[in-house]
Amino acid sequence: MNKSQIIPLYDQDQRKNVEYPDARREVTPTVVRHIDTSDSGEGYVTYSQLNETNADDVIREQVRFFESIGQAFEWKLYDYDRPPDLKERLESHGFLIEEEEAIMVLDLEDAPEVLWQPAHQTVQRITNLEKLSDVLTVQQQVWDEDFSWLSRYLGSALQKYPEQMSVYVAYVSEHPASAAWTYFPKHSQFASLWGGSTVSGFRKQGLYTSLLAVRAQEARDRGVRFLTVDASDMSRPILEKFGFERIAYSYPCKWEVKS
């Protein structure tokens, strides 16, 4: 994979042009930002075009904007963004810099044969909103956190944009054991993979592979060329086994509204 060719495609599809359910996309001369319209989420800055001269002013401008509408937001920073010290500048302005994520990409034209095989487990696509409880069951057991926000997010997407969101659950003896979903931006060569969590008692049974294969096959059938994942250190080596390559590191930079 040629990173110098993939990164401009990724930036165009996943950062500049991407649209999200329940969000309003705004393009300014220096940033692309998304304002949450559901009253339950946060905003995003997905792309910036800055330099050493204007970076601090633009950072302050975005903080003022989101503060004025009372909305927390995330500035999604990539290690190739300019200026080179943008992460340090964001931190100096009061942003919380979360752990780095590896941006992993798979060219489906080079995907391994295992992803084109039928799933060996029971994998169901979730279209009934009531069945989203199975997704939450998996996520809560794996991470021991409150995932009520995920039910609202996925439920809204399946109701309003069902063609852009595919949700899957893998079952073992009818028990929800693993869950994952795919977001298909409009007019994009990329589809982004999310979730991919498996309950500890059901690991090492090929559930992750089955969910990945089902989603890769759907993406290929829909004419998508690339899959992308924001991967943690734990997920990265697993994805590399399936041919994913890292094109960058990203850093979620969080701004909380000051009370």
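When you scan the stretch 21-135 for strands (runs of 3 or more DSSP E) that lie fully inside it, which ones turn up with 2 or more residues that are of a type in the set (Phe, Trp, Tyr) and under 21 Å from the mean Cα position of the chain (by Cα)?
Details: elements: 23-27, 31-36, 43-48, 73-78, 101-107, 122-126.
By residue number, 43-48, 73-78.
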Report task. Those residues that are surrounded by fewer than 14 Cβ atoms within 10 Å (Cβ to Cβ) and over 24 Å from Glu101 (Cα atoms), I need them from the stretch 62-90; list them, please. Result -> Arg64, Ser68, Ile69, Gly70
Report task. Working carefully through the options Trp143, Trp149, find the one that is under 16 Å from the mean Cα position of the chain (by Cα) and among the hydrophobic types (A, V, I, L, M, F, W, C). Result -> Trp149
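When the residues of the stretch 202-215 are filtered to those that are out of contact with any Ser or Thr (no Cβ under 7 Å at 6 or more places or on another chain) and in contact (Cβ under 8 Å) with a residue 24 or more places away in the chain, which remaining residue is farthest from Glu19 (Cα to Cα)? Please lay out each step first, then the result.
If we filter the stretch 202-215 for residues that are out of contact with any Ser or Thr (no Cβ under 7 Å at 6 or more places or on another chain), which is where we start, we get 203-206, 209-210, 212-214.
Narrowing the set further to residues that are in contact (Cβ under 8 Å) with a residue 24 or more places away in the chain leaves 205-206, 209-210, 212-214.
Working: Gln205: 35, Gly206: 32, Thr209: 28, Ser210: 28, Leu212: 23, Ala213: 25, Val214: 24 Å.
Selected residue: Gln205.
Considering only the stretch 220-232, I want to know if a residue exists there that is hydroxyl-bearing (Ser, Thr, Tyr), assigned by TED's automatic domain parsing to the domain that holds Gln140 and closer than 30 Å to Gln71 by Cα.
Quick first cut of the stretch 220-232, residues hydroxyl-bearing (Ser, Thr, Tyr) only: 228, 232.
From what's left, assigned by TED's automatic domain parsing to the domain that holds Gln140: 228, 232.
Retained after the next criterion (residues that are closer than 30 Å to Gln71 by Cα): 228, 232.
Within the stretch 220-232 (the criterion being hydroxyl-bearing (Ser, Thr, Tyr), assigned by TED's automatic domain parsing to the domain that holds Gln140 and closer than 30 Å to Gln71 by Cα), the answer is yes, since at least one residue qualifies.
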Query raised in the report: Looking at the stretch 53-65, is at least one residue of a type in the set (Lys, Arg) and in contact with a Lys or Arg (Cβ under 8 Å, 6 or more places away or on another chain)?
Result: no
Query raised in the report: Hey, Phe147 hits all of (1) out of contact with any helix residue (DSSP H, G or I) (no Cβ under 8 Å at 6 or more places or on another chain); (2) at pLDDT below 95; (3) more than 30 Å from Leu9 (Cβ to Cβ) but one; which does it fall short on?
Result: (1)
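Looking at the stretch 1-42, which of the residues that are touching a Lys or Arg at 6+ places or on another chain (Cβ under 7 Å) and in contact (Cβ under 8 Å) with a residue 12 or more places away in the chain is farthest from Asp81 (Cα to Cα)?
We begin by selecting, within the stretch 1-42, every residue touching a Lys or Arg at 6+ places or on another chain (Cβ under 7 Å); these are 19, 21, 26, 32, 34-35, 37, 40.
Still in the running and in contact (Cβ under 8 Å) with a residue 12 or more places away in the chain: 19, 21, 32, 34-35, 37, 40.
Working: Glu19: 20, Pro21: 25, Val32: 13, His34: 18, Ile35: 22, Thr37: 27, Ser40: 29 Å.
Ranking the qualifying residues of the stretch 1-42, first place goes to Ser40.
Can you say whether Arg15 is part of a helix (DSSP H, G or I), charged (D, E, K, R) and either in the same structural domain as Leu150 (by TED's automatic domain parsing) or more than 23 Å from the chain's Cα centre (by Cα) (or both), as far as the supplied structure shows? Walk me through it before giving the result.
Values: part of a helix (DSSP H, G or I): yes; charged (D, E, K, R): yes; either in the same structural domain as Leu150 (by TED's automatic domain parsing) or more than 23 Å from the chain's Cα centre (by Cα) (or both): no.
So Arg15 fails the test.
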Query - Residues within the stretch 190-230 that are in a loop (DSSP other than H, G, I, E, B), on the phi < 0 side of the Ramachandran plot and surrounded by fewer than 18 Cβ atoms within 10 Å (Cβ to Cβ), tallied - result: 4
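Does Arg15 count as surrounded by 14 or more Cβ atoms within 10 Å (Cβ to Cβ), in contact with an Asp or Glu (Cβ under 6 Å, 6 or more places away or on another chain) and basic (Lys, Arg)? Walk me through it before giving the result.
Values: surrounded by 14 or more Cβ atoms within 10 Å (Cβ to Cβ): yes; in contact with an Asp or Glu (Cβ under 6 Å, 6 or more places away or on another chain): no; basic (Lys, Arg): yes.
No: the conditions fail for Arg15.
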Query raised in the report: Could you say whether any residue in the stretch 156-167 is buried (at least 20 other Cβ atoms within 10 Å of the Cβ) and under 23 Å from Ile238 (Cα atoms)?
Result: yes
Query raised in the report: Are any of the residues in the stretch 245-259 surrounded by fewer than 20 Cβ atoms within 10 Å (Cβ to Cβ), free of Cβ contacts under 8 Å to residues at least 24 places away in the same chain and within 30 Å of Glu67 (Cβ to Cβ)?
Result: yes
Query raised in the report: If you go through the stretch 93-109 one residue at a time, do you hit one that is without any contact (Cβ under 8 Å) to a residue 24 or more places away in the chain and out of contact with any Phe, Trp or Tyr (no Cβ under 7 Å at 6 or more places or on another chain)?
Result: no
Query raised in the report: Of the conditions (1) outside any helix (DSSP H, G or I); (2) in contact with a Pro (Cβ under 6 Å, 6 or more places away or on another chain), Ala157 fails just one. Which one is it?
Result: (1)
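The values are calculated or read from the model by the stated rules, or taken from the named source; none is laboratory data. Since the model is a prediction, treat every value here as computed from it, not as a measurement. Positions of Cβ are generated from backbone atoms using ideal geometry, with glycine treated the same way; all protein chains shown enter the neighbour counts.
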